[in-house]
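Take a look at the structure set out below.
The values are calculated or read from the model by the stated rules, or taken from the named source; none is laboratory data. What you are looking at is a predicted structure, and each value in this text was computed from that prediction instead of being measured. Please note: Cβ atoms are built from the backbone with ideal geometry, for glycine as well, and neighbour counts cover all protein chains shown. For accessibility, only protein heavy atoms count, side chains too; no ligands or nucleic acids. Shrake-Rupley method; radii C 1.70, N 1.55, O 1.52, S 1.80 Å.
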Amino acid sequence: MATELDELLGFLSAPSLQVKKAAVDIVRGLTGSDDGLGPLAARADIALPPLARLIRDAPELAAPAAEALINLSQDPAIAEKLIALGTVPTALDVLYKHGDPNLSRLLVMLLANLTQVDSGASALLQIGGDKMEGLYISKLVRSFCRSSSGESKEDTFEHVASVLVNISKVEAGRKILLEPKRGLLKQAICQLDSTNPLRKKGVSGTIRNCCFEADNQLQNLLSVAEFLWPALLLPVAGNKVYSEQDISKMPLELGNALSHEREPVDDPEIRKQSLEALYLISLQEAGRRALWSVNGPRILQVGYEDEDDPKVMEAYELIGSLLVSNVEAEQ
């Protein structure tokens, strides 16, 4: 026998707009609690297809459907089912075909959930799509960089930061982000200047993840050195104003920033990610040479003196020992 929940899910496909609206609002409400999520997850094969279809509908239906899918897709098994239904390309198609900022924000949040699983990251990257490969993420990065948190109360594309972290966890994603012709990493790095902590932390994590390719993509990483070194070294440079002697050994983009007082990077996770990225680069001889060429070790020395977070201090010590041991080995 059909239960009340089964009947409710059936109304998601009703011909009447009012009936569908009432049903999707109730389903959205159910996904807001564990008590509601459980029964819906158990009926995923019935619930997901109509919800996924509704995100193509008018915003008053699409928005609550998207909210329900965001809540449901926190479960990786549900996310996999949604990906199999083609929800990634559907969400992107809707994202760029309507002008409702609230729905756009929700769809980006949904993509952030779906790309936490490998199949979702592959769908977004369009792996195996020949000429289409990387098109979706290129469009998202462009939107991410063109929008800002200062435009309105809601930062429509801020969750692209989480998408970038997710896709940079897979090799194919790092490869696309590091392709010089696309320039995606260079574009994303500029968002470290954002006042939005989600953007800053996401981009920082993305850079760190991309540095796992330093063993075979160091040249591509260093091709954006003008942006990369400030992104990685300024968060860990401490609070002091540097001496003229120190600054004279740095490129302008670092020296100018360190020649006066500046706002510290308060988030220890960003400082730790920066140090981990520098460590990965410094594992390569050419990476160490590049770091020395911008007076990086001096910056790390000064930054370490100002650091008080134990985990961040460990990260300083790890790269410090690497640089010292290699200097000793070369002498």
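Scanning for something open to solvent by 40 Å² or more (accessible area, probe 1.4 Å), within 21 Å of LEU51 (Cβ to Cβ) and among the charged types (D, E, K, R), does segment 152-165 turn up at least one residue?
no
Restrict the check to segment 237-249 and report whether at least one residue is closer than 28 Å to LYS169 by Cβ, open to solvent by less than 60 Å² (accessible area, probe 1.4 Å) and charged (D, E, K, R).
Looking for residues that are closer than 28 Å to LYS169 by Cβ, open to solvent by less than 60 Å² (accessible area, probe 1.4 Å) and charged (D, E, K, R), one finds none in segment 237-249, hence no.
State yes or no: is GLU263 of a type outside the set (Lys, Arg) and open to solvent by 30 Å² or more (accessible area, probe 1.4 Å)?
It is true that GLU263 is of a type outside the set (Lys, Arg) and open to solvent by 30 Å² or more (accessible area, probe 1.4 Å).
With ASP100, ASP193, ASP118 as the choices, which residue is open to solvent by 10 Å² or more (accessible area, probe 1.4 Å) and either more than 27 Å from ASN71 (Cβ to Cβ) or in contact with a His (Cβ under 7 Å, 6 or more places away or on another chain) (or both)?
ASP193
Identify, by number, the condition in (1) under 29 Å from ASP100 (Cα atoms); (2) open to solvent by 20 Å² or more (accessible area, probe 1.4 Å); (3) touching an Asp or Glu at 6+ places or on another chain (Cβ under 7 Å) that ARG208 doesn't meet.
Among (1) under 29 Å from ASP100 (Cα atoms); (2) open to solvent by 20 Å² or more (accessible area, probe 1.4 Å); (3) touching an Asp or Glu at 6+ places or on another chain (Cβ under 7 Å), ARG208 violates only (1).
Yes or no: GLU213 within 15 Å of LEU177 (Cβ to Cβ), within 19 Å of the chain's Cα centre (by Cα), charged (D, E, K, R) and open to solvent by less than 60 Å² (accessible area, probe 1.4 Å)?
In short, yes.
Within segment 83-116, can you find the residues that are at pLDDT 95 or above, more than 14 Å from the chain's Cα centre (by Cα) and not in a helix (DSSP H, G or I)?
LEU85, GLY86
Given the conditions (1) β-branched (Val, Ile, Thr); (2) outside any helix (DSSP H, G or I); (3) in contact with a Phe, Trp or Tyr (Cβ under 8 Å, 6 or more places away or on another chain), which single one is not true for VAL265?
(3)
Just name the residue that is farthest from LEU37 (Cα to Cα) out of those in segment 56-81 that are open to solvent by less than 10 Å² (accessible area, probe 1.4 Å) and of a type outside the set (A, V, I, L, M, F, W, C).
Restricting to residues being open to solvent by less than 10 Å² (accessible area, probe 1.4 Å) and of a type outside the set (A, V, I, L, M, F, W, C), the top hit is PRO64.
Which residue pairs have Cβ atoms under 6 Å apart, sit 6 or more places apart or on different chains, and have a first residue in segment 305-326 that is over 15 Å from GLU285 (Cα atoms) and part of a helix (DSSP H, G or I) and a second that is hydrophobic (A, V, I, L, M, F, W, C) and open to solvent by 20 Å² or more (accessible area, probe 1.4 Å)?
Sorted first by the residue in segment 305-326, then by its partner, the list stays empty.
Hey, GLY238 hits all of (1) over 23 Å from GLU269 (Cβ atoms); (2) in contact (Cβ under 8 Å) with a residue 60 or more places away in the chain; (3) of a type in the set (Gly, Ala, Ser) but one; which does it fall short on?
The number of the failed condition is (1).
List the pairs whose first member sits in segment 124-135 and is within 23 Å of ASN113 (Cβ to Cβ) and open to solvent by 70 Å² or more (accessible area, probe 1.4 Å), whose second member is among the aliphatic types (A, V, I, L, M) and assigned to a helix (DSSP H, G or I), and whose Cβ atoms are under 7 Å apart, counting only residues at least 6 apart or on separate chains?
ILE127/ALA172
Find all pairs meeting these conditions: Cβ atoms under 9 angstrom apart; at least six residues apart or on different chains; first residue within segment 274-289 and without any contact (Cβ under 8 Å) to a residue 60 or more places away in the chain and of a type outside the set (A, V, I, L, M); second residue open to solvent by 50 Å² or more (accessible area, probe 1.4 Å) and part of a helix (DSSP H, G or I).
Going by the 9 Å Cβ cut-off, the qualifying pairs are TYR279/LEU318.
What residue, of LEU291, LEU275, is at pLDDT 95 or above, touching a Pro at 6+ places or on another chain (Cβ under 8 Å) and of a type in the set (A, V, I, L, M, F, W, C)?
LEU291
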